[in-house]
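One structure is given below, encoded as structure tokens.
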Amino acid sequence: MNRRNESDERLRIEAAQKDPSRFAELYEEHFERVYVFVLRRVSDRHVAQDLTADVFHQALANLKRFEWRGAPFAAWLYRIAANEIADHFHRTSRERPAAPPSDVSNGEMAAVEQRALLFRLVDRLPADQRRVVVMRFGEGRSIREVAQQLERSEGAVKQLQWRALQTLRAELGQEHG
Amino acid sequence: MAEPNVIERLDAAIDAILAGRQEGLALRDPELAALLVIAADLRDVPDPQFKQRLKADLLPGTKEEMMSTTESRLEPGFQTIRAYLVLDGASDFIQFLKDAFGAIENARFKGPGGGKIMHAEMMVGNSKLELGDAPARVSPRPGALHLYLDDIDAVYQRALRAGATSLMGPTDQFYGDREAALRDRWGNSWYIATHLADPSTKPFRKGFRSLTPYLHARGADRLMRFLKEAFGAQAVEEPTVSAQGTIAHAVLQIGDSVIELGEAHGQWQAIPMGIHLFVDDTDAVYERALRAGGKSVRPPTDMPYGERGATVADPFDNQWFIGTPR
């Protein structure tokens, strides 16, 4: 994070500490990161959603105690997430005895960022492409099911799927470019 | 525009990825490889509704981002009528839906303390079904549901294995459906069917989705009148009248969806249920519903999950959760 971004983030955190409704900006910026971070450890979308919700509830409740020391806000969220994940595995220890490691390597951070960026780009797709992506990939539905749900032809849904992936590839290229 | 065969190849490769065969031929296609890497990553894409609902839950009163779904709310396929089941043991019921009907869980939100499910949304076939645990001191409100799926004989057997009780085994009906009836342990009645008469629309009857709420009432004609006056419902076809002169079966269209009703009789008794009805103007529809004989349960209110919502009980005690996405 460069100095400019760092100071912007600090301002956003301080604003949210004074007025919790400003937490919305931090939420929008970090939602995908936290979700991806959790998902990499629990490998189940529904558990990941529940834990992501817990992380943001904890973060909002404890925001006043957050002290700016120069580390990115995301790192603080990852710490909360690691604790929530450890609690989760503790509660379900019969299923899986050991919690996964809670520290985040640089390599993992890059992987989280990459995936979180992709999910943010999905959010920016035109509505019909976004719906196809969510139903086809997120929900694992067949072209036929998506077509029935959207009341479009199967050919039209395949076109939307093609265009969505092309758009995402182009935008990922630009973001990295 | 891409050549059709590239689009078809991409789709076949995506099928392989979704079926867990991504190491197969798909990634060796150089033209598609970059897209398929993205496709594989997208399997974990979060549900946009989850993101919005969590935000609303964290910050009641934040509205601006809720607009992002509003643009698509009333598009074709939005589904303006959704059964809303209020149950004891929603989590087990969700599992039943998955086991019996191959339902997919779209979203699940737990209440404070994490025990009860405050709200969940399932896809059954091509239809949304909403549900939640009954809050303390609130009675469960199951319903009657007409479900079209492929191969109803197999679905019937799966539902029995998942714990449902048979009310009627699979039977060919004169109206072109092969149909069976079940009751689950949460008190819901299921009329499950495959429409065989028209192969072009199989498994549905024309104009239907997979899942349609079915209201039984003592005085179905009065219920039909209420739905017309309150919600502008329109009969899709001439209602079937029984030998006793009561309405045996009617199909009414409201918005982009249909609802069915018929006179309660024999083992097909009234199950007053909850229905989530999306309209353009909650306040106006609420007023109309009261004028048509409905009782106010909750006047129009801005709900924290991004809806202008009101609840009206019809004269047969069905509860209508009227909502307008904000």
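The values are calculated or read from the model by the stated rules, or taken from the named source; none is laboratory data. All values reported here derive from a predicted model rather than from experimental measurement. Cβ placement follows ideal geometry from the backbone for every residue including glycine, while neighbour counts extend to all protein chains displayed. For the accessible areas, the whole protein counts, side chains as well, though only heavy atoms, and no ligand, DNA or RNA atoms are used. Shrake-Rupley method; radii C 1.70, N 1.55, O 1.52, S 1.80 Å.
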* To do: Among the residues of the stretch A:144-160, write down those that are at the interface with chain B (Cβ under 7 Å from one of its Cβ atoms) and either of a type in the set (A, V, I, L, M) or closer than 22 Å to B:ALA34 by Cα (or both).
  => A:LEU150, A:LYS158, A:GLN159
* Structure fact -> The correct count of residues that are more than 12 Å from B:ILE14 (Cβ to Cβ) and open to solvent by 10 Å² or more (accessible area, probe 1.4 Å) in the stretch A:155-171 is 9
* To do: Give me the pairs, please: first residue somewhere in the stretch A:130-143 and facing chain B (nearest Cβ under 7 Å) and modelled with pLDDT of 90 or more, second residue anywhere and surrounded by fewer than 23 Cβ atoms within 10 Å (Cβ to Cβ) and part of a loop (DSSP other than H, G, I, E, B), beta-carbon distance under 6 Å, and either six or more positions apart or on two chains.
  => A:PHE137/B:VAL45
* Asked: Is it true that B:PRO213 is part of a loop (DSSP other than H, G, I, E, B), at negative phi and not hydroxyl-bearing (Ser, Thr, Tyr)?
  -> no
* Asked: Since B:SER296 meets every condition but one in (1) surrounded by 15 or more Cβ atoms within 10 Å (Cβ to Cβ); (2) at negative phi; (3) in contact with a helix residue (DSSP H, G or I) (Cβ under 9 Å, 6 or more places away or on another chain), which condition does it not meet?
  -> (1)
* Structure fact -> Subset of the stretch B:84-116, residues in a strand (DSSP E or B) and among the charged types (D, E, K, R), comes to B:GLU105, B:ARG108, B:LYS110
* To do: Within the stretch B:35-49, track down each residue that is at pLDDT 85 or above, in a helix (DSSP H, G or I) and at the interface with chain A (Cβ under 7 Å from one of its Cβ atoms).
  => B:LEU35, B:ILE38, B:ALA39, B:ASP41, B:LEU42, B:ARG43, B:ASP44
* Check whether at least one residue in the stretch B:283-296 is assigned to a strand (DSSP E or B), closer than 28 Å to B:ARG53 by Cα and not hydroxyl-bearing (Ser, Thr, Tyr), and report yes or no. => no
* Residues in the stretch A:153-169: is at least one modelled with pLDDT under 85 and of a type outside the set (A, V, I, L, M, F, W, C)? -> no
* Structure fact -> Exception for B:MET168 within (1) under 24 Å from B:HIS249 (Cα atoms); (2) of a type outside the set (Phe, Trp, Tyr); (3) surrounded by 15 or more Cβ atoms within 10 Å (Cβ to Cβ) falls at (3)
* Mind checking whether some residue in the stretch A:33-43 is touching a residue at least 12 places away in the same chain (Cβ under 8 Å), in contact with a Phe, Trp or Tyr (Cβ under 6 Å, 6 or more places away or on another chain) and open to solvent by 20 Å² or more (accessible area, probe 1.4 Å)? -> no
* To do: Name, by its number, the condition in (1) open to solvent by less than 50 Å² (accessible area, probe 1.4 Å); (2) in a loop (DSSP other than H, G, I, E, B) that does not hold for B:HIS119.
  => (2)
